[in-house]
Structures are given as C-alpha cells and as structure tokens.
1. Take the range 39-65 and flag every residue that is surrounded by fewer than 21 Cβ atoms within 10 Å (Cβ to Cβ), more than 22 Å from residue 111 (Cβ to Cβ) and of a type in the set (D, E, K, R).
2. For the range 116-127, indicate whether the set of residues that are open to solvent by less than 60 Å² (accessible area, probe 1.4 Å), touching a residue at least 40 places away in the same chain (Cβ under 8 Å) and under 22 Å from residue 28 (Cα atoms) is non-empty.
3. If you check 239, 227, 171, which single one turns out to be closer than 30 Å to residue 85 by Cα and touching a residue at least 12 places away in the same chain (Cβ under 8 Å)?
4. Given the condition touching a Pro at 6+ places or on another chain (Cβ under 9 Å), closer than 27 Å to residue 35 by Cα and not small (Gly, Ala, Ser), answer yes or no: does some residue in the range 114-132 qualify?
5. Select from the range 238-284 the residues that are polar (S, T, N, Q), buried (at least 16 other Cβ atoms within 10 Å of the Cβ) and more than 30 Å from residue 21 (Cβ to Cβ) and list them in ascending order.
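The values are calculated or read from the model by the stated rules, or taken from the named source; none is laboratory data. Every value quoted in this text rests on a predicted model; they were computed, and no experiment measured them. Note that we place each Cβ from the backbone using ideal geometry, even for glycine, and neighbour counts take in every protein chain shown. With ligands, DNA and RNA removed, areas are computed over all heavy atoms of the protein, side chains included. Shrake-Rupley method; radii C 1.70, N 1.55, O 1.52, S 1.80 Å.
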Amino acid sequence: MIALYDVCYVRLGTRDLDTAARFATEVLGLEVAERGRQSLHLRSDARAHTLFYGEGDPAAQAVGFEVRRQEELDAAGTVLEALGHAVRRGTGAECAERRVRDFLAFRDPSGNAIELAWRPEQGPGHYRGSRDAGITAFSHVGLCSTDPARDEHFWTEVCNARVSDRIGNAPLLRIGQVHHAIALFPSPRPGIQHVNHQVESGDDVMRSFYLLRERGIPVVFGPGRHPSSSARFLYFEGPDGMVFEYSCGVRLIADELLYRERQFPFANSGFCQWGAAPRIREFQ
Ligand SMILES: [Fe+2]
C-alpha cells in the first residue's frame, strides 16, 4: 500500500503569469517564495512552497503528496507499474523546482497528474502573507473523477486514504487526521476541481467574503458550512477558472477505530447546512 503522509503542493499552468501572481498575492494572500521568468513559487504555511504556477497550458496541473521514506517511492513505483500506470522519476532539475529530494509522477485512474514527493523543504522562516487573509495552511484538493467508485478504490486500496464521508458518490478522503485531504467529484474530465487553504477563524472567512465582493472576484459558493467536515467555507474563482476555497474549523478524526463514514445527499443540503447554493459545476 502506498503510504501518503500529506498533500504538499499543487502545480497549475497559466497563460498569464502576471495575472496569476497578482491574484495569488493581492487576493488569495499567499507569499511569493520565488518569481522566475516563467514560474512562480508561493507559500501558504511553513513549507518552502505549496502552490506553483508555471507559464503554459492551464491544463498542465499536478498535485504532490508527501511520502516519508525513499524506499516507499521505489515500492510505490513497482505497485503502480504492476497496475498499468506509467511511472516517471523526476529529474534533478524537476526535483529542484519542486523543492523536494526525489519524486515519482503518474496519473490516477481518471488521468489526474499525481506526484509522490520525498522530503519537501520547509521554510525559510514563517510564512508571511501578502495580505492578512488569516491563512494557516494549504490543506486539501478537490479532484475531478470520471468514475468516483473506481477512484475511491484506487485512493483507499492502492493508497492509504480512508473515506471520511460521502456526498452522493463523491468521497471525502483523509490521509491524516484532517477530515479530508482529497475530495473526488464526478466530472466528465480529469482536473483539479478546487484548491483549499485553511484560515484561522470564521472572521477571516467573512472578511475575505466582503473583500472579494468589493474587488469583483466571483464568489461561487458560500459563505456556508459543510455538514460533513463542519468547516465554514467560501469558494471563489481565480485565474484560468480555478476555484479556490478558504475554510476554517475542519473536523479532525483522531479515533480511526471508532469513526464511521456518513452519507450525505448530493444536493445543496449535502454541501451546505446554512442553505447556500453552489455555482460550481461539479457540486450541482
Ligand atoms: Fe474543499
């Protein structure tokens, strides 16, 4: 079994790096770790980077998951190849760009680009957001799934993810104590469906709601509260149509033996207990 330790970075392509940089700093509130001619590394917590923008095709996306031991990378490669996944080892330059010591790249059964990263770097120092959005960490990704049942099997049987809850057939999957690090939403095509950052409090969620509205950033869901994870949330649209989420108060699941996943309806009430209606295709 492939032991994922944490989700550690997201890589997004963009045709307009300047716009992406402005959004990431002035709106989202991330810190620029490094700006290159065709690349942008952004921090959201103690890690060296958690979001990377590369100039190019917006469909060029990837999600990185940390594994703890290098032997696990080799073992993961063997397992994935036996299941028919094409696996590629990162080059030295690619590892340097990701601030990791080593990584494997492959595609999940839906075709999402996934990277298993060994020893992602920390720091330097504290994360200092470009604006005070209250961000405490990059926390989870939503992934589009062309077959959620098949992909749930991949993430829970081939990898070590556990189902925390389901909304319809969409599983919310944890790999540590946080209610979900990965959420799989039905879609005709693969892709990163949303990128979540945790913020400290409900006040941060609401402050951002008014700021986004004032700046004309499309708010596509919320403010609301997820009945599954208990998190208060706000979803909004960034460059290249990518949906970003702030949330706070996500449930932690400490007791693996006693916890039982729950079923929520694939309806507005399954996504928000306050009555907010999503304007997000994969939530409708
Ligand atoms: Fe989310």
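1. 45, 47, 55
2. Checking the range 116-127: at least one residue is open to solvent by less than 60 Å² (accessible area, probe 1.4 Å), touching a residue at least 40 places away in the same chain (Cβ under 8 Å) and under 22 Å from residue 28 (Cα atoms).
3. One residue alone meets the criteria, 171.
4. Here is the first cut: in the range 114-132, the ones touching a Pro at 6+ places or on another chain (Cβ under 9 Å) are none.
No, the range 114-132 contains no residue that is touching a Pro at 6+ places or on another chain (Cβ under 9 Å), closer than 27 Å to residue 35 by Cα and not small (Gly, Ala, Ser).
5. Within the range 238-284, just 268 meets the criteria.
Here is a yes/no grid of residues against (1) farther than 26 Å from residue 72 by Cα; (2) of a type in the set (D, E, K, R); (3) modelled with pLDDT under 95; (4) in a loop (DSSP other than H, G, I, E, B):
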residue	(1), (2), (3), (4)
11	no, yes, no, no
20	yes, no, no, no
40	yes, no, no, no
49	no, no, no, yes
